[in-house]
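Let me begin by presenting the structure, written as structure tokens, before commenting on it.
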Amino acid sequence: MSTQPRKKSTTTPKAKAKTSKNTGKKKPTQKLKRKQLPTKELHPFSEFPCRLEYQDGKDHRVCHFQCEEHRIKHIARYKLRKGSYFTDTLT
């Protein structure tokens, strides 16, 4: 017989069962709802004709831009996906 003590495992069988359990289900994402507002409320600033509306986590963001290029840069910077935001341009 050996005189050295036997090493205990660091995890219990119950802990192994908990970590190996993976259902693979994703939480359903909420679809962005948009209010129907008059043009005056959508574009309160005449100097900023381009508008972007999107959901950032739980926050509802509305951004106004001077030109289309600035809006495109913002979309690229924050990696917004098509269908997850709304755009308007005052004409």
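Overview of results
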| read-out | value |
| --- | --- |
| Looking only at segment 40-59, and only at residues there that are in a strand (DSSP E or B) and surrounded by 12 or more Cβ atoms within 10 Å (Cβ to Cβ), the one that is farthest from the chain's Cα centre (by Cα) | Cys50 |
| Within segment 14-39, considering residues that are at pLDDT 70 or above and either assigned to a loop (DSSP other than H, G, I, E, B) or acidic (Asp, Glu) (or both), the one farthest from Thr91 (Cα to Cα) | Lys33 |
| Neighbours by Cβ (under 6 Å, 6+ apart or cross-chain): first from segment 52-81, among the basic types (Lys, Arg); second surrounded by 10 or more Cβ atoms within 10 Å (Cβ to Cβ) | Arg61/Tyr54; Arg71/Cys50; Arg71/Leu52; Arg71/Phe65 |
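The values are calculated or read from the model by the stated rules, or taken from the named source; none is laboratory data. Here the structure is a predicted model, which means the values were calculated and not measured. Backbone-built Cβ (ideal geometry, glycine too); neighbour counts: all protein chains shown.
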